[in-house]
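To start, the structure under review is shown below, and the notes come after it.
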Amino acid sequence: MKRLLQLTAVVFAAVASSMSRASHTPAPTSITVAGSLQSELGCPGDWQPACAATHLAYDPEDDIWQGSFNVPAGSWEYKVALNDAWDENYGAGGVANGANIGLAVGVPSDVKFYYDHATHWVTDNVNSVIATVAGSFQSELGCATDWDPSCLRSWLEDPDRDGIYALQVRLPAGSYEAKVAIGESWDENYGAGGVPNGANIGFTVQDETVPVAFRYDAQSHVLAIEGATVAPPPYQFTGFFPPVSDPPTVNVVKAGKIVALRFSLGGDHGLDVFQVPPTSAQTACPSPAVENPVDDKGGGGPGLTYDASLDQYVFRWKTDRSWAGTCREFRMSLDDDSLHTALFKFTR
Ligand SMILES: [Ca+2]
Ligand SMILES: [Ca+2]
Ligand SMILES: [Ca+2]
Ligand SMILES: [Ca+2]
């Protein structure tokens, strides 16, 4: 009974994976990088599909064939040959019997080659950026763990070489997070808005029958996600702008005046950004303290405005004359659950 259950599970897994990653030809028994660089890499000659010295290895976790070779400086050409023969071979753009792929190497380098039998895309890490969408959805695609930039189940491919790297998958309904990682490592990675080491990009899949399409622009580093609801990018608050200073500096203002607190959230997020209207509470005046006299001549009534030309929010805070001689902490809660404060000392 136990054995029957195991068999059922294996069959189910095979069906599930072939649904998402189908090829029009049978799984190959070997993949050879065949080209003008083979004699340099230990083969008896060049363009030899049966030379094992330039075989790629199949990685079952990634479902991608891959291998690294130390390639001498020079201008080389190659294709991949399946099953140690030319009968089935792929060149530029993953095209069957396609053109040779050029590979220019300036100094002797370890070059890593990749072949995806589901799409037939063959490339290397000189011609292409090796980009993965790493995130909390990777285990759902068959990776051993989530957030693994080296699991190529979520490899972004660019067979047409237009600099837009794409991946299409099906995911169970649920909420996930993602970033783009380069070179199978976290050393270079991009989050929301294409920001290096930026925030995770949240997205929600409502319908598992709708494919989720990821598109990564290697120039802007922005990752677009289609077929899912993408969470708005988080606020990028970088502190209050002059004339107001961030804590521990104490801003000194005349009690009763309107204080203009200027800040950016990294773009226009509308005026409904507060969790609750900003508040203030009396606090002991810090001593010793760095004091910053604030004399803002800017006019306007109290409230929040946004200046798109400066990408700047201005909250005009009406202070009270009765606060003269005291200190207060200004508290601004944004609806991304962040709290930002500034210290004030009031004069007469
Ligand atoms: Ca050669
Ligand atoms: Ca997961
Ligand atoms: Ca891997
Ligand atoms: Ca492309």
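The values are calculated or read from the model by the stated rules, or taken from the named source; none is laboratory data. Given the structure is predicted, the values throughout are model-derived calculations rather than measurements. When we count neighbours, we look across all protein chains shown, and the Cβ atoms used for this are built from the backbone with ideal geometry, even at glycine.
Pairing each residue of the stretch 98-121 that is assigned by TED's automatic domain parsing to the domain that holds T29 with any residue that is among the basic types (K, R), provided the two are 6+ apart or on different chains, yields C-beta distances under 9 Å for G98/K79; A99/K79; N100/K79; I101/K79; D116/R21; H117/R21; A118/R21; T119/R21.
Remark: F344 matches the filter, which requires a residue to be touching a residue at least 40 places away in the same chain (Cβ under 8 Å) and crowded, with 16+ Cβ neighbours inside 10 Å.
Within the stretch 130-173, the only residue that satisfies the criterion of being within 10 Å of ligand 2 (Cβ to nearest atom), buried (at least 18 other Cβ atoms within 10 Å of the Cβ) and of a type in the set (G, A, S) is G135.
Contact map, the stretch 28-54: first residue within 16 Å of Q66 (Cβ to Cβ), second residue in a strand (DSSP E or B) and within 16 Å of ligand 4 (Cβ to nearest atom), Cβ cut-off under 9 Å, separation 6 or more or different chains; pairs are I31/V122; V33/V122.
Contact map, the stretch 157-168: first residue assigned by TED's automatic domain parsing to the domain that holds Y216 and away from ligand 3 (no atom under 16 Å from the Cβ), second residue part of a loop (DSSP other than H, G, I, E, B) and among the β-branched types (V, I, T), Cβ cut-off under 8 Å, separation 6 or more or different chains; pairs are D158/V129; P159/T119; Y165/V129. Return yes when Y176 is over 30 Å from V294 (Cα atoms), within 16 Å of ligand 2 (Cβ to nearest atom) and part of a strand (DSSP E or B) and no when it is not. Criteria met by Y176.
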